[in-house]
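Remarks on the structure that follows.
The values are calculated or read from the model by the stated rules, or taken from the named source; none is laboratory data. Since the structure is predicted, the reported quantities are computational estimates derived from the model, not experimental observations. Note that we place each Cβ from the backbone using ideal geometry, even for glycine, and neighbour counts take in every protein chain shown.
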Amino acid sequence: MDLEQLLERAHSLGEESEWELMADLLREHLSDFKDEPAVHCWLGVAERELGLEGVAYERFKRAITLEPEDPYVLATAGNGIAAFDDEDAERVLRTAALTAPDLPLTRLMYGTYLSREGFHEQAEAELDVARALEPADAQIAYELGVARALGGDADRAAEAVADSVHLDPEDGWVRVVFGLLLIEAGRDDEVAGELISGARIRETDVDAQLGAALAAASTRGDEVAYEMLERARLNASENDLELVTEVEDRLDSAEASWQMLSEDLGPELLRTRLQERP
């Protein structure tokens, strides 16, 4: 198998989320292509998806050390090391964006990095370009919303994330973030629908279930509220149980439920989720 065939097969497995098979394939041929940055990079992607973050980080670092010219590799490996707060991430991602300014992925990854690092105006500029290049990409729309939210513009953030939801309505993470942003934007009547939709998709996400429970209770959707509460309890770790009980104590009151969601749990969840890297 030559390099082109190997990478094509690996990409095909990745598109099918067959991460174990992808990793096994690349490891099997790693000795044949030990100096090929793309092999190390895509193996890092597979290992990261398998939860082997430390191993994946070393793969990404190796790919960068081999000085790849491929902007896809630069952007992917740069994003991979950014999750570890590696100081080389900015240089690598900037190089990718400068090398291939018309490639949506490079502008997306650089903009995503900048927004998480607090450079919100620069991030939005990069992501605006990415959006213009690929207007139907749900992840770009979401990250544009994140940059705006982190920059303090909840209204425009909600607009961008709404576009992401429209493009990919089955992404539960985005729908939960959208619901939380709607609280910040003062669009209270829309909150419950989005948080409940997101929680139904992300059935094991305890915080999403609790947020949806409070939102449902605030509109007197008691049956849904307790459904979400029980799902949260089922998936809760020992550290979550106190919060589950605290939410349960408020579900009998629409006013108390909304107060906890809008003043305490919602803002905290939004801050945390906006900082998560893709």
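Tell me the helices (runs of 4 or more DSSP H) entirely within the range 194-278 that contain at least 1 residues that are under 30 Å from VAL45 (Cα atoms). Spell out the reasoning first.
Details: elements: 206-218, 222-235, 241-248, 254-260, 266-274.
The qualifying helices (runs of 4 or more DSSP H) are 206-218, 222-235, 266-274.
Here is a list: ALA83, ALA96. Which entry is of a type in the set (Gly, Ala, Ser) and modelled with pLDDT of 95 or more? So that I can check it myself, show each step before the final result.
Working: ALA83 fails: modelled with pLDDT of 95 or more.
Checking each option against the conditions leaves just ALA96.
Got a sec? Which of ALA97, ALA75 is assigned to a helix (DSSP H, G or I), farther than 16 Å from PHE60 by Cα and aliphatic (A, V, I, L, M)? Steps first, answer last, please.
Details: ALA75 fails: farther than 16 Å from PHE60 by Cα.
Within the list ALA97, ALA75, the selection yields ALA97.
Can you work out which of the residues in the range 1-13 that are surrounded by fewer than 17 Cβ atoms within 10 Å (Cβ to Cβ) and of a type outside the set (D, E, K, R) is modelled with the lowest pLDDT?
Among residues in the range 1-13 that are surrounded by fewer than 17 Cβ atoms within 10 Å (Cβ to Cβ) and of a type outside the set (D, E, K, R), the one modelled with the lowest pLDDT is MET1.
Provide a single number: the residues in the range 167-189 that are under 12 Å from ARG200 (Cα atoms) and assigned to a helix (DSSP H, G or I).
Final tally of qualifying residues: 4.
Do you know which residues across the range 217-236 are without any contact (Cβ under 8 Å) to a residue 40 or more places away in the chain and crowded, with 24+ Cβ neighbours inside 10 Å?
ALA225, MET228, ALA232
Might you check whether a residue that is surrounded by fewer than 16 Cβ atoms within 10 Å (Cβ to Cβ) and either hydroxyl-bearing (Ser, Thr, Tyr) or not in a helix (DSSP H, G or I) (or both) occurs anywhere in the range 102-115?
First, pick out the residues of the range 102-115 that are surrounded by fewer than 16 Cβ atoms within 10 Å (Cβ to Cβ): 102.
From the residues that got through so far, the ones that are either hydroxyl-bearing (Ser, Thr, Tyr) or not in a helix (DSSP H, G or I) (or both) too are 102.
Yes, there is a match, as at least one residue in the range 102-115 is surrounded by fewer than 16 Cβ atoms within 10 Å (Cβ to Cβ) and either hydroxyl-bearing (Ser, Thr, Tyr) or not in a helix (DSSP H, G or I) (or both).
In the range 205-223, what count of residues is obtained for those that are modelled with pLDDT of 95 or more and either farther than 18 Å from ASP264 by Cβ or of a type in the set (Asp, Glu) (or both)?
Final tally of qualifying residues: 2.
Between ALA149, ALA136, ALA123, ALA157, which is assigned to a loop (DSSP other than H, G, I, E, B) and closer than 28 Å to GLU194 by Cβ?
Numbers: ALA149 fails: assigned to a loop (DSSP other than H, G, I, E, B); ALA123 fails: assigned to a loop (DSSP other than H, G, I, E, B); ALA157 fails: assigned to a loop (DSSP other than H, G, I, E, B).
Selected residue: ALA136, the only one of ALA149, ALA136, ALA123, ALA157 that is assigned to a loop (DSSP other than H, G, I, E, B) and closer than 28 Å to GLU194 by Cβ.
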